[in-house]
Each structure stands twice: as structure tokens, then as C-alpha cells.
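Colleague: Pasting a structure below so you can have a look.
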Amino acid sequence: MCILGIETSCDETAAAVVKNGIKILSNVVASSTDLHAKTGGIIPEVAAREQVKWIVPVIEKSIASLKSKDIKAIAVTHGPGLIGSLLVGVETAKTLAYVWKKPIVPINHLQAHLYANWLEGKTPQFPAIGLVVSGGHTDLVLMKSHGQFKWLGGTRDDAAGECFDKTARVLGLGYPGGPAISRLAQKGNPNTYDLPRPMINQKNYDFSFSGLKTAVINLMRKAKKVEKKDLAAGIQQSIVDVLVAKTARAAKKHRVKSVLLAGGVVANQRLREQMKEKLPTLDNQLFIPATKLCTDNATYVASYAHFNFKPISWQKIEADPSLRIVEVIE
Ligand code: KG4
Ligand code: ZN
């Protein structure tokens, strides 16, 4: 079964067609990141206008080699995200569902991110621990089977990606901060500055990254001269240490068969290396999507819909900017 996925939660306009939840037939992404780099961050209104501009050409390109009868259903991200951006994808998907007379499946962006791990020829086994680290979210979940999530913990303040973005701004590195910090960090020494690893020793699955941001701001204020590459390496290492420690603890406690990483921050090379080094010690298999499947795209939206096929009437789908991980197991 081929599903057309549509993703417009933030500053990427994306459409993809995926067969049987695992085979990518097309993956088209138009990003307005360069535009936001000029303003040092996303202006929601600007992101929404770009979504309007790109949604039709992106969908057209994604289905160019298919006939509409090949597409069995439409899956669309309905939250969380920026309301103006979400509405563009949701309203377009509803229109297509009506005109093409296809079922439509509303998709939770956070849960869907994890399905990037089904798209590269391997099949994760349950139970699994999932870490979703993006620009707005940091969540650890236990998955007992498809769509069966238990939320174990998440950030109490800034998300991991947000911490990369905000500290990069303090360092004058521009937007998006994650790639900028990781580029500079390659040449730096992560031990030059003593930065906190917030909540690393607390036996829960919560995170807090705003203290790290404050520590960086204070350090910049007090120090006469700051070696930016060392500070970038230190920030990155601090975030990576906390993410690895909490994920490893959750995997050990729940004796899972798989650990699934997902979200834009998983594009970070240091995080990928350190997870590979420290995680599979516990009899579980570690899944890390290809870098281009970590950042926002629609392949995992379509994959999620295949494995969790719950179509609803197009009239009932609404954008929900503050949607969270929906728990369905005790
Ligand atoms: O999942 P995503 O593409 O969009 C959201 O759903 O938020 O994640 C975007 C986040 C941004 O905060 C960005 O700085 C971060 O992912 N990111 C990275 C890297 N590439 C993107 N963070 C660290 N290292 C990277 N290489
Ligand atoms: Zn995302």
C-alpha cells in the first residue's frame, strides 16, 4: 500500500510516498531555513507564507511518477508545530482527500519521527526505547508495539535542539544552531570549559537544558576572551552526555530489544558516535536513521500511517499546535 505523507509543522514543506511503510518511492523537501537564517530564527508568519508557496509544487513532485489510483491514503502531520505552518498541510491534505476520495490519517509529528527507523531495510523489535530530540521537543518513550507509547520523561524547559539554537545565537553563530555548533566543535576541546550536565544523575527520564544555556551566557559575560570552538565543543558534549546517559538508563531499566533515535538533533555526529559506543552494551539493537531522515521530512509521516492506520473523516481533522505524545499503555 502506498501512502502520501505531508509534513508542514515548522519550516520544511515536505511530501513523500512510501510503500508498505518501509520503501521510500519519493521524498521531496523544500526548506525555508536559509530565509530564517537572515533573521536569526523562525518568524512563524514568514514560515507559514513559505509553506503556502511550496506545498503544491512539493506534492506534485512527490507524486510525479505515480497515478492517483496508486495512492491508497493520505497522511498529514496535524501537530505539534506552528499553527500557521500546520494549517497549510492539514487543509491541503483535507482537500486532496475530498477530491481524490481517499482516506486521510492525522499524524502526531513526534511519534512519527521515530518511524524514520523503519525506512532503511531493518525492522526494529519491540519493546523499544525511543528518544525524540528536535528543535522543540526532547522526549523518551517506551514503545511496546506499533503506536503503543508510554511517555517516560521529557524536557522541563528548553529542548536539546533549542539549547543548540540558543547557545549558537549567544556565540554569534546564526540559525540553525545545531549544525553551526557541531561544525565549530570539530576543531575544539570539549574539556576547556567546565559546563553543567543538567539532571544527568537524577534517576528519572527528565531533562533540563536551560541551565546549560545560562551557564554559557554567564561564562561569555565573565570571561575576557572566549575560545568559541572550545565552548562549542563543550556545549555539544554536555548535551550529548545527558542524552546518552538517560537513554542508556531507560534501555537498561526496561530491558528493550531496540533503541530508536529520532529528530533533527540526531543529525549530530558526536551524538551518533557516542550512542554507538555506549548503547548496544545492553543486548539491544541501536537504530539511527540516515542524517537526511532525521530532520523534518514526510517519509516517516507516511510510514507511521502504514503501521498505525487510523483514518478519520476529513471534516474532523484539525491542526493541534500543542499536541504531545499520546500514551496508550499503562
Ligand atoms: O526535527 P527537526 O528537523 O525539526 C523539529 O521538529 O524541530 O529538528 C530541528 C532541530 C534544530 O534545533 C537544529 O538546530 C537541530 O535539530 N539540528 C542539530 C543538527 N542538525 C539539526 N543539532 C545538533 N547537531 C546537528 N548536526
Ligand atoms: Zn521534527
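Colleague: Among DSSP beta bridges whose residues both lie in the chain, state the antiparallel percentage, nearest 5. Provide the component values of the computation, followed by the final result.
Modeller: Working: 27 of 46 bridges.
Antiparallel bridges make up about 60 percent of those DSSP assigns within the chain.
Colleague: Mind giving me the nanometre distance, one decimal, between the label points for Glu273 and Lys38, set 7 Å out from Cα along Cα→Cβ?
Modeller: In this crude spin-label approximation the distance works out to 3.6 nm.
Colleague: Now a separate question. Quick one: what do you get for the chain if you divide its Cα Rg by 2.2 N^0.38 Å? Walk me through the numbers before you get to the answer.
Modeller: On the way: Rg = 19.6 Å, N = 330, 2.2 N^0.38 = 19.9 Å.
Cα-based Rg divided by the globular estimate yields 0.98.
Colleague: Hey, what D do you get for region 22-171 in µm²/s if you plug the Kirkwood alpha-carbon radius into Stokes-Einstein at 37 °C and 0.692 mPa s? Display every interim value, and only then the final one.
Modeller: Details: Rh = 17.6 Å.
Estimated diffusion coefficient is 186 µm²/s.
Colleague: Could you tell me how many degrees, from 0 to 90 and to the nearest 10, lie between the Cα long axis of helix 83-100 and the main elongation axis, the longest principal axis, of the Cα atoms of the chain?
Modeller: Tilt of helix 83-100: around 20 degrees.
Colleague: Also: Work out how much length Arg183 to Asp70 would gain on full extension: take 0.36 nm times their residue separation and subtract the Cα-Cα distance, in nm to one decimal. Don't skip to the answer; put the middle values down first.
Modeller: Values: separation 113, 0.36 × 113 = 40.68 nm, distance 4.20 nm.
Computed gain between Arg183 and Asp70 is 36.5 nm.
Colleague: Going by how many other beta carbons lie within 10 Å of each one, how would you line up Lys61, Lys310, Lys166, fewest first?
Modeller: Values: Lys61 14, Lys310 10, Lys166 19.
Going from sparsest to densest Cβ surroundings: Lys310, Lys61, Lys166.
Colleague: Tally Lys/Arg at +1 and Asp/Glu at -1 over every other residue whose Cβ is under 12 Å from the Cβ of Lys246; what's the total? Mind dumping the intermediate values first?
Modeller: Working: positive: Arg197, Lys203, Arg249, Lys252, Lys253, Lys278; negative: Asp139, Asp206, Asp241.
With Lys, Arg at +1 and Asp, Glu at -1, the neighbours total +3.
Colleague: Can you tell me the FRET efficiency between Val46 and Ile217 if r is taken as the Cβ-Cβ distance and R0 is 35 Å, rounded to the nearest 0.05? Could the numbers behind the result be given before it?
Modeller: On the way: r = 27 Å, r/R0 = 0.76.
According to the calculation, E is roughly 0.85.
Colleague: Then there's this: Take the alpha-carbon centre of region 269-330, take the same for region 51-69, and report the distance between them in whole Å.
Modeller: 23
Colleague: A further question on this structure: Given contacts defined as C-alpha pairs under 8 Å and at least six residues apart, what's the relative contact order of the chain, whole-number percent? Could the numbers behind the result be given before it?
Modeller: Numbers: 767 pairs, mean separation 86.2, N = 330.
Computed value for the chain: 26 percent relative contact order.
Colleague: First select every other residue whose beta carbon is under 14 angstrom from the beta carbon of Asn201; then total the charges, Lys and Arg +1, Asp and Glu -1. The partial results should precede the final answer.
Modeller: Values: positive: Arg197, Lys203, Lys246, Arg249; negative: Asp206, Asp241.
Its environment carries a net charge of +2.
Colleague: For the pair Thr95 and Asp157, how long in nm is the line joining their label points, each one 7 Å along Cα→Cβ?
Modeller: Once both label points are built, they end up 4.3 nm from each other.
Colleague: For a quick check: sort Val226, Val242, Val56, Val266 by the number of other beta carbons within 10 angstrom, fewest at the front.
Modeller: Values: Val226 16, Val242 22, Val56 12, Val266 26.
Placing the least packed residue first, the sequence is Val56, Val226, Val242, Val266.
Colleague: Taking the Cβ of each residue in His113, His306 as the centre, tally the other Cβ atoms inside 10 Å and list the residues starting with the fewest. Can you show the working numbers first?
Modeller: Numbers: His113 31, His306 23.
Taking fewest neighbouring Cβ atoms as first place, the list is His306, His113.
Colleague: Here's a follow-up. Per 10 Å bin from zero, what fraction in whole % of the C-alpha pairs of region 131-279 is there, up to the bin with the longest pair?
Modeller: Result returned by the calculation: 12, 44, 32, 11, 2, 0.
Colleague: Please compare each pair in Lys122/Lys310; Lys72/Lys246; Lys150/Lys276; Lys229/Lys278; Lys144/Lys187 to a cut-off of 32 Å on the Cα-Cα distance and tell me which ones are over it. Mind dumping the intermediate values first?
Modeller: Values: Lys122/Lys310 24 Å; Lys72/Lys246 39 Å; Lys150/Lys276 24 Å; Lys229/Lys278 25 Å; Lys144/Lys187 41 Å.
Checking Cα-Cα distances, Lys72/Lys246; Lys144/Lys187 exceed 32 Å.
Colleague: Now for a separate question. Measure nothing but the geometry: give the 0 to 90° angle between the long axis through the Cα atoms of 160-170 and the longest principal axis through the Cα atoms of the chain, rounded to 10°.
Modeller: Once rounded, the angle reads 60 degrees.
Colleague: Please work out how much length the chain gains when fully extended from Lys292 to Glu318, using 0.36 nm per residue of separation minus the C-alpha to C-alpha distance, in nm with one decimal. Don't jump to the answer; show the numbers that get you there.
Modeller: Working: separation 26, 0.36 × 26 = 9.36 nm, distance 2.80 nm.
Answer, rounded to one decimal: 6.6 nm.
Colleague: Related question: Report the full-extension gain for the segment Lys257 to Asp283: residue separation times 0.36 nm, less the Cα-Cα distance, to one decimal in nm.
Modeller: Values: separation 26, 0.36 × 26 = 9.36 nm, distance 0.69 nm.
Answer, rounded to one decimal: 8.7 nm.
Colleague: May I ask you to derive the FRET efficiency for Asn204 and Val56 from their Cβ-Cβ distance with R0 = 45 Å, giving the value to the nearest 0.05? Don't skip to the end; give the middle numbers.
Modeller: On the way: r = 45 Å, r/R0 = 1.01.
Taking R0 as 45 Å, the efficiency between Asn204 and Val56 is 0.50.
Computed from the coordinates by the stated procedures, all read-outs in this text should not be read as laboratory data. Predicted model, so just to flag it, every value in this text is computed and none were measured. Don't worry about glycine lacking a Cβ; one is built from the backbone with ideal geometry, like all the others, and counts go over all protein chains shown.
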